[in-house]
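These notes are about the structure you will find just below.
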Amino acid sequence: MTGAHIQKIETYLPERILTNIELEKTYVDWSAEKIEQKTGVRERHIAAENETAVDLACYAANKLLKLVDPAAIDFLILCTQSPDYYLPPGSCLLQERLGLSTSIGALDFDLGCSGFIYGLAMAKGLIQAEIAKHVLFITSETYSKHIHSQDRGNRSIFGDGAAAILITASESKCIGEFALGTDGSGYQNLIVPAGGMRHRYHPDAEALKDPSGSIRTENHLYMNGPDIFTFTIEAVPKVVQQCLEKNCMAIDDLDYVIFHQANQYILNHLRKKVGIPENKFYMNMLHVGNTVSATIPIALKDSMDHGLIHPGDRVMVVGFGVGYSWGATVLRI
Amino acid sequence: MQKSEFYDILMETLEIESVDSLNESTVLTDLEEYDSLAVLSLIAMIDEHFGKRIPGTEFQKITTVKSLMDLIGVDFE
C-alpha cells in the first residue's frame, strides 16, 4: 500500500429547511427571487435548537458505518467551528456515540471553508506514515448558531450540514499532492469576535447595523464580504496553479473541479478567472447553501450520485476562507 | 478606456434598469440596484477590466460614478 483514497462519503442535512420565501417574509425589501439570483441559494438546512455539530456528525457517520465495519476505524478526525464544548473535543464524544474502539486516535481541528482539504492532508499523512489504516474524517457545521437572527446577509448564504468521509490505504496515490496556504492578516474579516478568551461572551452586547441593514453583535458571526472576495481573487487562481504544478497536470487533464461552495457569484467569477470550462465546474448550493467545511464533500457526493463524476475521474478540490486559510489537491475517484 | 464604454460596463455590472444613462455625477448609492452585493459585482468588474484589487473598506467611500472612477485610479478619456 503506497497511497490513500476516499472510499466512501455520506452526508447529513438537518430536517428544517429555511427557504428564500421565508426570508422574504422576515425582511422588508428582500426578494426571494433576488436572493437566489445573487447567491445561487434557494433554501438551506438549519439545525434545531438542541441539535449540535456532534449530532450532525453522528448522523452522517452512522450512515457510513452501516456500510463499513466500525471496528475497522482506527482514527477519527472532526473538523468544526461550532463545537459542542470548548472541551472536551467533539471527536472524543463521537468515539463513544459511534461505538468505535477505545484504541483509536481522535482529534478535533478548527478550520472553516478550507477544512476538508486539510483533513484530507492529515488523513493521507496518517495512512502513509502507517499510523492508521481507516481514518473516519467528519466535517460538521452549525454556523446558523453563530448568526444573528437579523443578519439577513449571512442567513441567506450559510446552511448547516455534515459529511463523513472514510479514507483508507490504497495501491495507488488517489489523494494527490497538496498546495496549502495561510494568511492570518485577514483574521478579522470572518470572525465571531466575542465568546472566546480574548473577548468573553457579552450578555448585553450592543446591536451593530451595517449599511445593508443586517444586524449583529460582537457575539455573532461577522463577515466582511468585499474583503473576503478580494482575498479569494488573489489566493484561488494561485493555489489552483500551484496544485496543478505539484501534480504535474494542466486544467485540461482534470475531469472536474469542485470549489468550496461560497456563493454562486464568487464562484462564477473565479471559474472564469482561472479558466475552468463551465462543463467541468460543479456548483450545488441551490438546496444547501454554504455549509462551510462540508460543502466540498457534499458536492463531491452529489456529483457522483448524479453520475457527473465517475470512478477513475481526476477531480481538483479547492477550499478557501476563514483564517485566511486555503488549500487544494487532486483526487482520483 | 472611454468614459462611455465604462458607463456601459457599469450599467451591465450593476444590472441598472432604473435610469436610462449614467454620467459622472450619478449617485450610485441612491440607485435601487446598489444593494449589499453590488460591491462584490464592482470588485469582480474592476478585477476583470482593470486587473486591480481595491480593499473592501474603500468601497464605503463611493457616492457618485466619479468617486468610483477615482477609486479605480485610471485615466478615462
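Laboratory data are not the source of any read-out in this text; all were calculated from the coordinates shown. The structure displayed is predicted, hence computed values, not measured ones. For neighbour counting, all protein chains shown are included, and Cβ atoms are generated from backbone atoms with ideal geometry for every residue, glycine included.
Which number do you get for Rg(Cα) / (2.2 N^0.38 Å) in segment A:177-332?
Normalised Rg, Cα atoms only: 1.16.
For segment A:15-85, build the convex hull from the C-alpha positions and give me its volume per residue in Å³.
Measuring per residue, one finds 147 Å³ for the Cα hull of segment A:15-85.
For a quick check, take a GNM of chain A with Cα springs below 10 Å and name the residue from A:R216, A:R155, A:R198 with the largest mean-square fluctuation.
Fluctuation is largest for A:R198.
If you average the C-alpha positions of segment A:313-331 and of segment A:127-191 separately, how far apart do those two centres end up, in angstrom?
10 Å
Residue by residue through segment A:85-95, which ³J(HN,Hα) values in whole Hz follow from phi under the Karplus form 6.51 cos²θ - 1.76 cosθ + 1.60 (θ = phi - 60°), with glycine and proline marked x?
Values, residue by residue: 9, 4, 8, x, x, x, 4, 5, 4, 5, 3 Hz.
Convex hull over the alpha-carbon atoms of segment B:3-72: what's its volume per residue in Å³?
79 Å³
Which lysines have a Cα lying under 29 Å from the Cα of B:K3, excluding residues fewer than 8 positions away in the same chain?
Once the sequence-local lysines are set aside, what remains near B:K3 is A:K38, A:K272, A:K273, B:K52, B:K61, B:K66.
Farthest toward the dipole's positive end in the protein assembly as shown, which of B:A44, A:L13, A:A163, given Cβ charges of +1 (Lys, Arg) and -1 (Asp, Glu) about the Cα centre?
A:A163
Suppose we keep just the DSSP beta bridges with both residues in the protein assembly as shown; what percent of those would be antiparallel, to 5?
The answer is about 70 percent antiparallel.
I need to check one value: relative contact order of segment A:52-185, counting alpha carbon pairs closer than 8 Å and at least 6 residues apart, in percent.
Relative contact order comes out at 31 percent.
Partner chain Cβ atoms within 10 Å, averaged over the residues of B:40-47 - can you pull that number for me?
Per residue, the average neighbour count from other chains is 5.
Run the dipole for segment B:3-72 about the Cα centre, Lys and Arg Cβ at +1, Asp and Glu Cβ at -1, nothing else charged, and hand back the magnitude in debye, nearest 20.
With only Lys, Arg, Asp and Glu charged at Cβ, the dipole is about 440 debye.
Considering only segment A:3-172, what is the antiparallel percent among its DSSP beta bridges, to the nearest 5?
Here the share of antiparallel DSSP bridges comes out near 65 percent.
Could you pull out every one of the lysines with an alpha carbon less than 27 Å from that of A:K124, ignoring same-chain neighbours closer than 8 positions?
Correct list for A:K124: A:K8, A:K63, A:K66, A:K133, A:K173, A:K238, A:K246, A:K280, A:K301.
Go ahead and set up a Gaussian network model of chain A, Cα springs under 10 Å, then flag whichever of A:S144, A:S303, A:S103 fluctuates most.
The residue that fluctuates most here is A:S103.
To the nearest 20 Debye, how big is the dipole of the protein assembly as shown about its Cα centre, given +1 on the beta carbon of each Lys and Arg and -1 on that of each Asp and Glu?
1260 debye
If you take the Cα atoms of chain A, find Rg, then find the Kirkwood Rh from the mean of 1/r over all pairs, what is Rg/Rh?
Radius of gyration over Kirkwood radius for chain A works out to 0.95.
Give the average, rounded to an integer, of partner chain Cβ atoms located within 10 angstrom of each Cβ in A:114-122.
Average neighbour count from other chains, rounded to a whole number: 0.
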